[in-house]
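Note sheet for the following structure.
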Amino acid sequence: MLKMKNMAQLIIFVYALIIFLYLLFVEAQITKLPCVTVDDCPKVEKPIPMVAKCFGKSFSRHCHYFYF
């Protein structure tokens, strides 16, 4: 019985962790700006600082911005 209680607590913890991480790392904007590395993406500081990432396949990579 104790094993079932621990498994239920673990599942609740995992769900809460997923929701918490989702709220922190929200994708804000996908651009059509091509990039090879993160350094190719323009930096955005105002009004809210955003983190730039370069996503996509090798032939079609674009800048994606996330609130962090």
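Taken together, the values in this text are just the output of simple stated rules run on the coordinates, not laboratory data. Treat the numbers as computed from the prediction; the structure is a model and nothing was measured. All Cβ positions, even for glycine, are placed from backbone atoms using ideal geometry, and neighbour counts span all protein chains on display.
Using C-alpha pairs under 8 Å with a sequence gap of at least 6, the mean separation divided by the residue count of the chain gives a relative contact order of 33 percent.
Note on the stretch 2-67: with charges restricted to the Cβ of Lys and Arg (+1) and Asp and Glu (-1), its dipole about the Cα centre is near 240 debye. I'd like the orientation of helix 2-24 relative to the chain: the angle between its Cα long axis and the longest Cα principal axis, in ° from 0 to 90, rounded to 10. That works out to roughly 20 degrees.
Calculated mean residue ellipticity at 222 nm for the chain: -12000 deg cm²/dmol, from DSSP H runs with n ≥ 4 weighted as -39500 (n - 2.57), summed, divided by the residue count and rounded to 500.
Give the average over all directions of the projected area of the C-alpha convex hull of the chain, one decimal, in nm². Here the figure is 6.3 nm², rounded to one decimal. Counting only residues at least eight positions apart within a chain, or on another chain, the lysines with an alpha carbon under 16 Å from that of Lys32 are Lys43, Lys53, Lys57. Using +1 at the Cβ of each Lys and Arg and -1 at the Cβ of each Asp and Glu in the chain, identify which of Leu17, His62, Met50 lies farthest towards the dipole's positive end. Result: Leu17, furthest along the dipole toward the positive end.
So between Leu17 and Lys43, what do we pick up on full extension, going 0.36 nm a residue minus the alpha carbon distance?
Between Leu17 and Lys43, full extension yields an extra 6.5 nm.
Distances between placed amide hydrogens fall under 5 Å for Leu33 paired with Cys63, all partners being 5 or more residues away or on another chain.
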